[in-house]
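Worksheet: one structure, shown below.
The values are calculated or read from the model by the stated rules, or taken from the named source; none is laboratory data. Note that the coordinates shown come from a computational prediction; the quantities given were computed from them, not determined experimentally. Positions of Cβ are backbone-derived with ideal geometry, glycine not excepted, and every protein chain shown enters the neighbour counts.
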Amino acid sequence: MPLTVDILRSALERCAARLEETAPDLNERDGQLGDGDLGATLMKCAANLRAALPELGTDMGQAFKICAMACSRASGSSFGTLLAIAFLTLAKRTEKQKDVPWADLPGLLQEALDAMSARGGAVLGDKTVLDALAAAIEAMRNLDDAQAQYAAARAAVAGALDDFRGKPNRIGRARMFAERSVGMDDPGMIAFQYMLESLQPERPDSPETGSHRKPATF
């Protein structure tokens, strides 16, 4: 089964819950290198996304557009703006589609990453959320199954965090504390990891979900 609005809705509900749960941790992490409002911003995004779930309809492009609008209304930080840009890019690329094949997802996410980079000015290697997303995309390429994509992406993001932990942040307010940031995880990368963790697909035939449930994924 390809990615549908029903699957997206389930995934967004799980993601919103995870963001609300981890907001204090993200605020604390962000406070060490920035304004300390990352968790608060993502809580607003989560609340707006949850409120928009009933309006998503059945068109993928329209659903992503609604998500973009929800995040734009909550953007108190660059991260919120980047989420809105990502959703808007996906909306344009999936206009009038009822579903998205899993094999197409890495390419769509790559376009979203490129748009986020152009909007925010960060490039790969700057130690930002883009580096976590890029690792996930690369791991997902040539896979056409939700379970396989999820497992590969999660392992790749964990590896990216390990790789970048000993490097300095090179953009945003965090670059002002470049030396201090060495040995620390980038808050945006951690936020992405938390969101990804919440999207673990549910096996349709598992005892927990029952055969009538559809898998949730990103």
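Would you point out the residue of the stretch 74-109, among those that are assigned to a loop (DSSP other than H, G, I, E, B) and touching a Leu at 6+ places or on another chain (Cβ under 9 Å), that is farthest from Arg9 (Cα to Cα)? Looking at the filtered set, the residue picked out is Ser77. Taking the conditions exactly as written (in a helix (DSSP H, G or I) and within 22 Å of Leu88 (Cβ to Cβ)), does Ala52 satisfy them or not? In short, yes.
Out of curiosity, is Pro201 closer than 28 Å to Lys44 by Cα and at pLDDT 85 or above?
For Pro201, the condition - closer than 28 Å to Lys44 by Cα and at pLDDT 85 or above - is not met.
Of the helices (runs of 4 or more DSSP H) contained entirely in the stretch 114-197, those carrying at least 1 residues that are under 20 Å from Ala84 (Cβ atoms) and in contact with a helix residue (DSSP H, G or I) (Cβ under 9 Å, 6 or more places away or on another chain) fall at 129-140.
Residues in the stretch 30-79 that are of a type outside the set (D, E, K, R) and without any contact (Cβ under 8 Å) to a residue 12 or more places away in the chain: Gly31, Gly36, Pro54. Residues being touching a Phe, Trp or Tyr at 6+ places or on another chain (Cβ under 9 Å), under 19 Å from Lys96 (Cα atoms) and not aromatic (Phe, Trp, Tyr) are entirely absent from the stretch 38-52. Hey, does the stretch 45-53 have a residue that's among the hydrophobic types (A, V, I, L, M, F, W, C), in contact with a helix residue (DSSP H, G or I) (Cβ under 8 Å, 6 or more places away or on another chain) and surrounded by fewer than 17 Cβ atoms within 10 Å (Cβ to Cβ)? Checking the stretch 45-53: at least one residue is among the hydrophobic types (A, V, I, L, M, F, W, C), in contact with a helix residue (DSSP H, G or I) (Cβ under 8 Å, 6 or more places away or on another chain) and surrounded by fewer than 17 Cβ atoms within 10 Å (Cβ to Cβ).
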